1. Taking amide H positions as placed in the peptide plane 1.01 Å from N, state which residues far from H43 in sequence (5 or more) or on other chains have amide H under 5 Å from it.
2. Place a +1 charge on the Cβ of each Lys and Arg in the chain and a -1 charge on the Cβ of each Asp and Glu, then give the dipole magnitude about the Cα centre in debye, rounded to the nearest 20.
3. Pick out, from M125, F154, N95, the residue whose Cα sits farthest towards the positive end of the charge dipole of the range 89-221, with +1 on the Cβ of Lys and Arg and -1 on the Cβ of Asp and Glu.
4. Only sites in a loop by DSSP and with at most 16 other Cβ atoms within 10 Å count here; which trypsin sites (Lys or Arg not before Pro) in the range 245-346 make the cut?
5. To the nearest 0.05, what FRET efficiency results for Q142 and K117 with a Förster distance of 35 Å applied to their C-beta separation?
6. Using alpha carbon centroids, what distance separates the range 150-213 and the range 254-282, in Å?
7. Suppose only helical runs count, i.e. DSSP H with n ≥ 4. What mean residue ellipticity at 222 nm does that imply for the chain under -39500 (n - 2.57) per run, divided by all residues and rounded to the nearest 500 deg cm²/dmol?
8. Could you pull out every one of the lysines with an alpha carbon less than 24 Å from that of K117, ignoring same-chain neighbours closer than 8 positions?
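Read the figures in this text as sums done on the coordinates, not as results from a lab. Treat the numbers as computed from the prediction; the structure is a model and nothing was measured. Counting neighbours? That spans all protein chains shown, and the Cβs are built from the backbone with ideal geometry, glycine included.
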Amino acid sequence: MAIATDQKERKLGVSLGSRLQWSDEEFIKVVQMAESLGYHSVHVAESWGRDQFTLLTMMARNTDRILLGTSITGMWARSPAALAQTASSLDTIANGRFILGLGTGNLLVVEQWHGMKPERPLRRMREFIEIMRMIWRGEPLQYQGQIFKLDGRFTMAVKGPRESIPIYIGASGPKLTQLAGELADGWLPTHTDIYRLDVLKSHLDIGAQRAGRDPSTIDISPGFPTVVGDDIEPARQRGKEHLALYVGGLSDKYHELMVRYGFKKEADAIKDAWGKGDHKTAAAAISDEMLDHFAIMGNAEHCRKQFEVCYASGMDCPRISFAETAPLEDVFRTLEVLAPTPVGAV
């Protein structure tokens, strides 16, 4: 039995990490399987693994219908023009199926991997979006921003199939989420509480209303670590370790986010243990109840119920996400069981 899904109302996507230890053939098999089973989109993350645009190009050449996106592309390693060119080129290869998920990225990665200071992210995001949309429309690049100043000498020499590529902003903080409501086509909230989307969405609504937009026109697409199975404890343990890494090891913003959701006691314990180098204790601070707020892992019935909660809370296209260490058999089983189109359907 699969989730009964109206594609207009209840889309379901897939999110893949760039550090997955898969061959090219395995990536292609997964995305083709997702397409055949009726999934709306496949998004590829960016970190310190494989290049997301190379993977998405490979996927575009081996699929026909499924939408392909980033989740997310950081703003620090590229100029707005370079990213606009890359997005337009990939959109051409994918025949207009590309979604650009744009974000600040993990600030620790920005500093220690790219060697850059992530300064003024909110202003930088606004200028990136404005400049890229000018480029896609084929306008002379006359732009005088606070960060980027361009004299209008160049226009895009080779236009892509669309003058407006959808931009989804990845955000969990109030100000960036408000900017998503103001400017973006979609919103990719990070580390979303399945039961408390309202904690973040109130800021999306503020931004949309400020810009005179209807918030319901903004596609809401959070990702959740997901595994379907009967013997699920190893996967749930990996889920706790993954969440502990972010809350304790990568950025204070994830600790602050957990506090906003009401998990201050757990978040403090995770941060304290991680700071002492005790990663095992940090993961143990995450109870099964807490994990079920941020991951969808269990038997088929449990997972279907969790996705029903997602839709009821206002999510348009939740995304199934897989851990870097997830066995391929877990991936195939999860995709089949939760498929929007039942296996074997025409």
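1. Hits under the 5 Å cutoff: V14, S15, L16, G69.
2. The dipole of the chain has a size of about 1100 debye.
3. Value: F154.
4. Values: sites: K253, R260, K264, K265, K271, K276, K280, R304, K305, R319, R333; in loops: K276.
Filter output for the range 245-346: K276.
5. On the way: r = 28 Å, r/R0 = 0.79.
Calculated value: 0.80.
6. 28
7. Details: 14 runs with 150 residues, N = 346.
Counting only the DSSP helices, I get -13000 deg cm²/dmol.
8. List returned: K149, K175, K253, K271.
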